[in-house]
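As structure tokens, the structure follows; a few thoughts come after it.
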Amino acid sequence: MKIVRASMTLAVLLGAALANFVGCTADEPPPDNPTGGTGSSSSSGMATTCGDGKLDMNETCDDGNNSPNDGCTDCAVDACYTCTSEAGALSTCAFASAGEPCESTKVCNGAGACVECIVDAQCPGGYCYQNACAKCDDTIKNGDETDVDCGGANCSTCGDGKMCGVGGDCTSTFCTDGVCCGEACDGACVVCNLEGSKGVCDFVAKYGTDSSDGMGGTCDGTKACNGLGGCGGALGEPCTGPTQCASARCGDPDGDGTKTCVKNTGEACTDNNECFSGTCDPGTMMCM
């Protein structure tokens, strides 16, 4: 009788072990946990599955996936979101209210982002621009400033030579060629952003071009600047008289019967036919 009872007990134990082994097959993935996708257990000892759409005891949310930046990531509520928390149910998430604290000194912007500011009052001594604090005296070009600590809607206007977007950025009220200018500077072959004289309306160099004179005109292509704020025919362009040329010289040095705009005495040259005189000094490489 004792032998029979021992045999029955052994069979029961072997059966239980076999049932446990068969109950966890290779085809069944382990349950996910709230921080990485592997199995874990709740305080009740029951296995939990992050991303199955059922809020378990050790999860703060479960929106049916483990995707980031959707309000619920790895079964934890993202910053600047709120999620429903009904046990055993799918969590739904929404943006936290604008101004709600996040990450120590930052606040939620009402669109799911944790930002530095949403109102000027959150920027002592400065202002809030596009959710970041800026100051008009920090020696940094930030906020809506057009140049360092000036321009834009919050700081004082900029002096001549400083960068600008509109006339209102400038103390002079003139924004020309991207800089504050002492005058309108909107004629042909004058600009206000030349290196060495930014902020001063100055002549474009002789034979230079001005693609826009501020009045819808251009001096480029077949035309060139004369170095004194005027525009005339470019070198090599056909002409009948000197007033048509930026060089103030119209001639036929090659003798082909066609007059063109040519260089004047004292200008750099490489060929006799470039010069009104017909002679390019080989020693100085200047028109004689």
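The values are calculated or read from the model by the stated rules, or taken from the named source; none is laboratory data. On a predicted model such as this, the values are computed, not experimentally measured, just so you know. Note: ideal-geometry Cβ built from the backbone for every residue, glycine included; neighbour counts use all protein chains shown. Each accessible area value is taken on the protein alone, full model and side chains, heavy atoms only, with ligands, DNA and RNA left out. Shrake-Rupley method; radii C 1.70, N 1.55, O 1.52, S 1.80 Å.
Miscellaneous remarks
- Each part gets one Cα centre, and for the stretch 66-101 versus the stretch 252-279 those centres are 79 Å apart.
- Whichever lysines have a C-alpha closer than 30 Å to that of K259, once near sequence neighbours (fewer than 8 apart) are set aside: K206, K223
- Straight-line reach from K263: taking Cα to Cα under 15 Å and skipping same-chain neighbours fewer than 8 places apart, the aspartates and glutamates in range are E237, D252, D254, D271, E274, D281.
- In this Cβ point-charge picture (+1 for Lys and Arg, -1 for Asp and Glu), the stretch 207-255 has a dipole of about 100 debye about its Cα centre.
- The stretch 217-271, relative contact order [Cα under 8 Å, separation at least 6], %: 26
- The residues neighbouring C133, those whose beta-carbon lies less than 12 Å from its own, together hold a net charge of -1 under the Lys/Arg +1, Asp/Glu -1 convention.
- 3J(HN,Hα) along the stretch 71-78: x, 9, 10, 6, 6, 10, 5, 5 Hz, from the Karplus curve 6.51 cos²θ - 1.76 cosθ + 1.60 with θ = phi - 60°, whole Hz, x for Gly and Pro.
- Those aspartates and glutamates that a straight Cα-Cα span of less than 17 Å connects to K135, excepting residues fewer than 8 apart in one chain: E116, D120, D144, E145, D147, D149, D169
- Each Lys or Arg adds one and each Asp or Glu subtracts one; over the other residues with Cβ under 9 Å from the Cβ of C170, this totals -1.
- Cβ crowding within 10 Å averaged over residues, with 159-168, 234-243 ranked highest first: 159-168, 234-243
- Surrounding net charge for E86, when Lys and Arg each add one and Asp and Glu each subtract one, Cβ distance under 12 Å: -2
- Accessible area expressed per residue, the stretch 181-288, with surrounding protein chains retained (probe 1.4 Å, Å²): 53
- Ordering 226-233, 88-95 by mean Cβ neighbour count within 10 Å, with the highest value first, yields 226-233, 88-95.
- Share, in percent, of DSSP beta bridges within the stretch 149-231 that are antiparallel, nearest 5: 90
- Amide hydrogen neighbours beyond the local backbone of K206, cut-off 5 Å, H modeled: G227
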